[in-house]
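Written out below as structure tokens is the structure these notes cover.
The values are calculated or read from the model by the stated rules, or taken from the named source; none is laboratory data. Bear in mind the structure is a predicted one, so any value in this text is a computation, not a measurement. Backbone-built Cβ (ideal geometry, glycine too); neighbour counts: all protein chains shown.
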């Protein structure tokens with residue numbers, strides 16, 4: 001069955017997240033996704049695009065601009081906030097948890113809209129996971145650097161080899177119920193103070 | 001029971017706010033010890049939009065939030081969104097908004113000979129004449145901005161226009177622009193004027209882009225502004241916590257009102273985590289010494305922004321009924337007796353009165369007249385709406 005492609009506007013100031021969402025929406029087919037990264041003069045842009053669905057970062061400060069469009073029927077077809085007329089609370093909770101907000105022109109088939117919002121939620125969540133992992137990796141890298149420095153300090157000041165210096169850090173961490181990186185950090189701080 | 005325990009074992013309350021000067025009582029209660037004194041760990045969560053405040057209140061990410069006067073009414077009536085019974089339990093004070101017109105209109109306003117700089121009505125009449133000239137010349141309608149469909153700014157801007165003989169729905173185009181984008185939108189020529197809360201109006205004047213032509217209290221000194229909003233179920237589940245929170249906010253409002261604390265208040269608001277505007281700009285709203293024109297003209301308005309203290313922080317259901325009447329006037333909701341009756345369930349003066357120990361009646365006096373000389377009678381909303389209509393056109 002041939003369906004007309006839904007026109008979806010994606011408003012997101014984060015270009016990476018926006019790109020993966022547009023990619024996902026386009027890949028799912030029957031969707032014509034457009035990206036808006038600059039929200040200046042948003043009302044005019046939306047008017048020109050005339051989308052069926054607007055997906056927007058919940059944190060975007062332009063959301064109040066969209067809310068006004070509920071009322072300005074002469075400018076654009078009236079979009080409504082997602083699922084206001086269907087009390088799908090679980091969906092709304094999931095979307096807000098993920099940081100997704102959506103506005104939908106009235107009269108669209110619920111299942112088609114739902115798949116778009118589902119896609120937005122999963123891509124937003126995937127993006128947050130990626131970012132969390134990246135931060136974790138960055139943290140681990142920092143930890144490793146500080147442990148290397150602490151080992152060097154211990155090797156010089158105590159005249160021990162590398163495995164012994166590491167063993168010292170590890171034992172102290174175990175005794176004090178702390179992370180090795182935390183002990184290493186205090187060694188480096190102490191060395192800097194005493195230098 | 002709220003089992004969330006935070007700092008020092010205090011109960012956690014998550015409060016949403018927007019970067020505006022009138023969030024001060026909430027910020028002060030959190031940062032100057034009033035909340036802690038009530039064993040509350042008051043966590044301030046700055047929000048990017050009013051829509052975000054509404055959504056996060058609805059799903060419980062926020063317990064309470066600074067709200068525009070119309071928001072608890074719109075939520076309780078389910079206008080354009082989910083119907084979520086909401087309670088306004090604290091009024092953050094009075095005033096704080098300005099109406100400003102773009103520098104690009106100055107010459108045209110001068111040309112009308114209405115003396116547009118003499119006062120709010122003169123400015124409105126000058127704008128009316130200018131709009132008529134433009135229409136006759138086939139020019140595009142002027143664009144005026146406010147901050148949210150259910151904002152007092154929307155109703156005040158429309159009231160001022162209508163009282164000046166301008167139909168807000170047909171003679172101009174009214175749009176929403178977030179306060180923080182107001183100055184840039186003026187500079188880009190996308191708007192010709194706006195109604196916004198401080199410090200954003202003073203920032204536009206300071207940038208040489210606009211002149212302030214009316215203050216909120218010119219339109220109606222009793223008009224409600226921001227309130228503390230919460231879902232009704234939250235207030236019912238946490239009666240003791242709410243009582244303590246209201247006492248803390250009330251102490252915060254009294255602290256804000258005390259001139260001895262002004263310097264501290266200005267630096268607190270200037271903090272990037274709160275409002276994040278320059279000290280000298282913030283000072284204008286707090287002292288009521290407003291620079292209203294890029295040429296440096298000052299208007300002394302000591303009552304421009306009052307944080308309250310005393311009974312001013314009681315949510316005024318009668319004044320909120322005026323807000324509802326404006327929602328009806330401009331077609332956001334149909335007139336119904338039930339809607340009018342509902343205002344008393346949303347604007348609850350009894351909660352703060354009980355917590356702070358004063359009688360619940362808000363008004364020791366009658367309300368002041370509005371800028372067009374009309375008195376608002378909350379017991380006769382239908383008749384009031386009938387009286388208003390002829391002033392448009």
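Evaluation of residue B:107 against the conditions (1) surrounded by fewer than 19 Cβ atoms within 10 Å (Cβ to Cβ); (2) touching a helix residue (DSSP H, G or I) at 6+ places or on another chain (Cβ under 6 Å); (3) in the same structural domain as residue B:129 (by TED's automatic domain parsing) shows that the sole unmet condition is (2).
For residue B:295, indicate whether it is outside any helix (DSSP H, G or I), surrounded by fewer than 18 Cβ atoms within 10 Å (Cβ to Cβ) and touching a strand residue (DSSP E or B) at 6+ places or on another chain (Cβ under 7 Å).
Details: outside any helix (DSSP H, G or I): yes; surrounded by fewer than 18 Cβ atoms within 10 Å (Cβ to Cβ): yes; touching a strand residue (DSSP E or B) at 6+ places or on another chain (Cβ under 7 Å): no.
For residue B:295, the condition - outside any helix (DSSP H, G or I), surrounded by fewer than 18 Cβ atoms within 10 Å (Cβ to Cβ) and touching a strand residue (DSSP E or B) at 6+ places or on another chain (Cβ under 7 Å) - is not met.
For region A:31-40, indicate whether the set of residues that are in contact with a strand residue (DSSP E or B) (Cβ under 8 Å, 6 or more places away or on another chain), in a helix (DSSP H, G or I), modelled with pLDDT of 85 or more and surrounded by fewer than 19 Cβ atoms within 10 Å (Cβ to Cβ) is non-empty. No, there is no match, as no residue in region A:31-40 is in contact with a strand residue (DSSP E or B) (Cβ under 8 Å, 6 or more places away or on another chain), in a helix (DSSP H, G or I), modelled with pLDDT of 85 or more and surrounded by fewer than 19 Cβ atoms within 10 Å (Cβ to Cβ). Among the residues making up region A:129-176, those that are surrounded by fewer than 13 Cβ atoms within 10 Å (Cβ to Cβ) and within 30 Å of residue A:19 (Cβ to Cβ) are A:129, A:132, A:133, A:134, A:135, A:136, A:137, A:138, A:139, A:140, A:141, A:142. Could you list, in sequence order, the residues of region B:69-87 that are within 10 Å of another protein chain (Cβ to nearest Cβ) and crowded, with 22+ Cβ neighbours inside 10 Å? The answer is none; no residue qualifies. Residues in region B:47-58 that are more than 7 Å from every other protein chain (Cβ to nearest Cβ) and assigned to a loop (DSSP other than H, G, I, E, B): B:47 alone. Is one or more of the residues making up region B:379-389 under 23 Å from residue B:87 (Cβ atoms) and modelled with pLDDT of 90 or more? Within region B:379-389 (the criterion being under 23 Å from residue B:87 (Cβ atoms) and modelled with pLDDT of 90 or more), the answer is yes, since at least one residue qualifies. Annotation note: Cβ proximity below 6 Å between a residue of region A:34-45 that is away from chain B (no Cβ under 14 Å) and a residue that is part of a helix (DSSP H, G or I) and crowded, with 21+ Cβ neighbours inside 10 Å (sequence gap 6+ or interchain) occurs for A:35/A:18.
Take the residues in region A:91-105 that are in a helix (DSSP H, G or I) and under 16 Å from the mean Cα position of the chain (by Cα); name whichever of them is nearest to the other protein chains (Cβ to nearest Cβ).
Only one residue fits best here, namely A:96.
Against the list (1) over 20 Å from residue A:41 (Cα atoms); (2) surrounded by 23 or more Cβ atoms within 10 Å (Cβ to Cβ); (3) within 14 Å of another protein chain (Cβ to nearest Cβ); (4) touching a helix residue (DSSP H, G or I) at 6+ places or on another chain (Cβ under 6 Å), the condition residue B:164 fails is (3).
Can you find a residue in region B:243-250 that is more than 17 Å from residue B:14 (Cα to Cα) and either touching a residue at least 24 places away in the same chain (Cβ under 8 Å) or more than 14 Å from every other protein chain (Cβ to nearest Cβ) (or both)? Write out each step before concluding.
So the first thing to find is which residues in region B:243-250 are more than 17 Å from residue B:14 (Cα to Cα), and the list is B:250.
Retained after the next criterion (residues that are either touching a residue at least 24 places away in the same chain (Cβ under 8 Å) or more than 14 Å from every other protein chain (Cβ to nearest Cβ) (or both)): B:250.
Yes.
Restricting attention to region A:114-129, does a residue exist that is over 24 Å from residue B:52 (Cβ atoms), part of a helix (DSSP H, G or I) and more than 15 Å from the chain's Cα centre (by Cα)? Checked region A:114-129: at least one residue is over 24 Å from residue B:52 (Cβ atoms), part of a helix (DSSP H, G or I) and more than 15 Å from the chain's Cα centre (by Cα). Among the residues making up region A:46-69, those that are facing another protein chain (nearest Cβ under 8 Å), assigned to a loop (DSSP other than H, G, I, E, B) and crowded, with 19+ Cβ neighbours inside 10 Å are A:58, A:60, A:61, A:62. Every condition in (1) closer than 27 Å to residue B:305 by Cα; (2) within 14 Å of chain A (Cβ to nearest Cβ); (3) surrounded by fewer than 24 Cβ atoms within 10 Å (Cβ to Cβ) holds for residue B:16 except the one numbered (3). Whether a residue is at pLDDT 90 or above and either in the same structural domain as residue B:322 (by TED's automatic domain parsing) or within 18 Å of residue B:242 (Cβ to Cβ) (or both) was assessed, and residue B:45 passes this test. Can you find a residue in region B:97-114 that is away from chain A (no Cβ under 14 Å), under 29 Å from residue B:25 (Cβ atoms) and either assigned to a loop (DSSP other than H, G, I, E, B) or at pLDDT below 95 (or both)? No; the residues of region B:97-114 include none that is away from chain A (no Cβ under 14 Å), under 29 Å from residue B:25 (Cβ atoms) and either assigned to a loop (DSSP other than H, G, I, E, B) or at pLDDT below 95 (or both).
For region B:59-80, a residue qualifies if it is out of contact with any helix residue (DSSP H, G or I) (no Cβ under 7 Å at 6 or more places or on another chain) and part of a helix (DSSP H, G or I), and exactly one does: B:74.
It is to be established whether one or more residues within region B:120-134 are touching a helix residue (DSSP H, G or I) at 6+ places or on another chain (Cβ under 9 Å) and either within 30 Å of residue B:348 (Cβ to Cβ) or part of a loop (DSSP other than H, G, I, E, B) (or both). No; the residues of region B:120-134 include none that is touching a helix residue (DSSP H, G or I) at 6+ places or on another chain (Cβ under 9 Å) and either within 30 Å of residue B:348 (Cβ to Cβ) or part of a loop (DSSP other than H, G, I, E, B) (or both).
Set side by side, the residues B:191, B:183 differ, and just one is within 30 Å of residue B:227 (Cβ to Cβ), within 13 Å of chain A (Cβ to nearest Cβ) and not in a helix (DSSP H, G or I), which is B:191. What do you reckon, is residue B:141 in contact with a strand residue (DSSP E or B) (Cβ under 9 Å, 6 or more places away or on another chain), at negative phi, within 14 Å of another protein chain (Cβ to nearest Cβ) and surrounded by fewer than 18 Cβ atoms within 10 Å (Cβ to Cβ)? Here the answer is yes, as residue B:141 does meet what is asked.
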